[in-house]
Amino acid sequence: MISSKDTVKEAILKAKSKKVYIEGNFVKLLAKTSDTEVKDYIEECKTRDINQRRKRLDITKQVQKQNKELEEASVIKEALVIELQNSLEATEAAKKEAEELRDKAVEDLDTLQKRTQFELINLIVRVALWIILGVGLLTTILYIYVLSIGIDSTIIESTWSNLFGILLTNSFSIVGTIMGVKYATDKSN
């Protein structure tokens, strides 16, 4: 315990001049006195000490509250980051799947176009060959008829010969043109 009146008087002077008061457990060490000025000073110190403790407690509570809010915000932020990463991964997976579907559709379209072209070429070749065969057969039947009835066949012989040459040339020309177009439009070569 502090019993020196000079020490207490010095503290009172400091409190009046510089607004500095004794705080904390040091207030409990002050000796009980009958001096009213010292009693008033001790009471003032106790009141200020209580007020300072309340302020510190309020500040501590406020800091703890802010820390709790920051922790909660951190958890929310982490959840948002994870959700964003999952969304990004899902978006990239969907993009990859869309690209695969597009590639497959393009491939199917190419196959369909090639098949359609092949069927068209096949039809053109068949029709051309039937026409060539029909004209050749008709000309041959006409030539045989003329020979069988005994008419002069010199003109029909040269016509028949020329016609078969032309038909043969045209048939190879048609087939060659179609094959050339087919290979010219083939993208893989």
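Looking at Gly150, is it of a type outside the set (A, V, I, L, M, F, W, C) and on the phi > 0 side of the Ramachandran plot? Break it down stepwise before answering.
Numbers: of a type outside the set (A, V, I, L, M, F, W, C): yes; on the phi > 0 side of the Ramachandran plot: yes.
The answer is yes for Gly150.
Residues are listed down the side, and each one gets a yes or a no for (1) aromatic (Phe, Trp, Tyr); (2) without any contact (Cβ under 8 Å) to a residue 24 or more places away in the chain; (3) surrounded by fewer than 12 Cβ atoms within 10 Å (Cβ to Cβ); (4) in a helix (DSSP H, G or I):
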| residue | (1), (2), (3), (4) |
| --- | --- |
| Leu88 | no, yes, yes, yes |
| Ala93 | no, yes, yes, yes |
| Glu99 | no, yes, yes, yes |
| Glu107 | no, yes, yes, yes |
| Phe118 | yes, no, yes, yes |
| Ile121 | no, no, no, yes |
| Tyr143 | yes, yes, no, yes |
| Ser158 | no, yes, yes, yes |
| Gly176 | no, yes, yes, yes |
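Given the options Val81, Val125, name the one that is in a helix (DSSP H, G or I), aliphatic (A, V, I, L, M) and either without any contact (Cβ under 8 Å) to a residue 40 or more places away in the chain or at positive phi (or both). Please lay out each step first, then the result.
Numbers: Val125 fails: either without any contact (Cβ under 8 Å) to a residue 40 or more places away in the chain or at positive phi (or both).
None of the others qualify; the one that does is Val81.
Look through the stretch 1-30, keep the residues that are in contact with a helix residue (DSSP H, G or I) (Cβ under 8 Å, 6 or more places away or on another chain) and of a type in the set (Gly, Ala, Ser), and return whichever of them is modelled with the lowest pLDDT.
Restricting to residues being in contact with a helix residue (DSSP H, G or I) (Cβ under 8 Å, 6 or more places away or on another chain) and of a type in the set (Gly, Ala, Ser), the top hit is Gly24.
The values are calculated or read from the model by the stated rules, or taken from the named source; none is laboratory data. Everything numeric here is computed off the predicted structure, so don't read it as measured data. All Cβ positions, even for glycine, are placed from backbone atoms using ideal geometry, and neighbour counts span all protein chains on display.
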